[in-house]
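In what follows, a structure is listed as structure tokens, so that the remarks can point back to it.
The values are calculated or read from the model by the stated rules, or taken from the named source; none is laboratory data. Source: prediction; values computed, not measured. We place every Cβ from the backbone using ideal geometry, glycine too, and count neighbours over all the protein chains shown.
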């Protein structure tokens, strides 16, 4: 199986994470500055790693509604869909950046030290949530047979 790529989109930085080939675990990959050719870099990674699906976190409001950040993310998703050979899907990512900051802080990392990694960890959390849901759905389907 080909791995999946997780993306935490931000206006300053974009965090990336990649799954293992069994699609069980997500791992931080890299952070891209929004000043770079983000879509080009992601397309390169998709080709290099033979990515089967891209999962982009959409920051919905707690009510489930889309705000300005979510709409900007959805515009980015459309650019990816037009440029990538694989499926690009969205995933609800409420609070992942907050959770990533907390996890790094709990690991003893100071905020200044984590700026380069927090977006990767947020992408890892987005992708891991998606992988876990896929795994749970597959298990439920097997047990209902």
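Going by the conditions given, is residue 46 assigned to a helix (DSSP H, G or I) and farther than 15 Å from residue 128 by Cα? Taking the combined requirement at face value, the residue satisfies it.
Restricting the range 87-125 to residues that are surrounded by fewer than 17 Cβ atoms within 10 Å (Cβ to Cβ), in a loop (DSSP other than H, G, I, E, B) and within 15 Å of the chain's Cα centre (by Cα), the residue that is modelled with the lowest pLDDT is 95.
For residue 143, the stated conditions do not hold, so it cannot be described as more than 18 Å from residue 19 (Cβ to Cβ) and modelled with pLDDT of 95 or more. Evaluate the range 63-74: report whether one residue or more is out of contact with any helix residue (DSSP H, G or I) (no Cβ under 7 Å at 6 or more places or on another chain), modelled with pLDDT of 90 or more, under 20 Å from residue 121 (Cβ atoms) and not in a helix (DSSP H, G or I). Within the range 63-74, none of the residues are out of contact with any helix residue (DSSP H, G or I) (no Cβ under 7 Å at 6 or more places or on another chain), modelled with pLDDT of 90 or more, under 20 Å from residue 121 (Cβ atoms) and not in a helix (DSSP H, G or I). Summed over the range 3-49, the residues that are more than 20 Å from residue 76 (Cα to Cα) and in contact (Cβ under 8 Å) with a residue 60 or more places away in the chain give a count of 7. Identify, please: which residue in the range 1-14 is more than 17 Å from residue 40 (Cβ to Cβ) and assigned to a strand (DSSP E or B) and is, among those, nearest to the chain's Cα centre (by Cα)? The residue in question is 6. Taken over the range 1-20, the criterion of being at pLDDT 95 or above and surrounded by fewer than 15 Cβ atoms within 10 Å (Cβ to Cβ) is satisfied by 2, 20.
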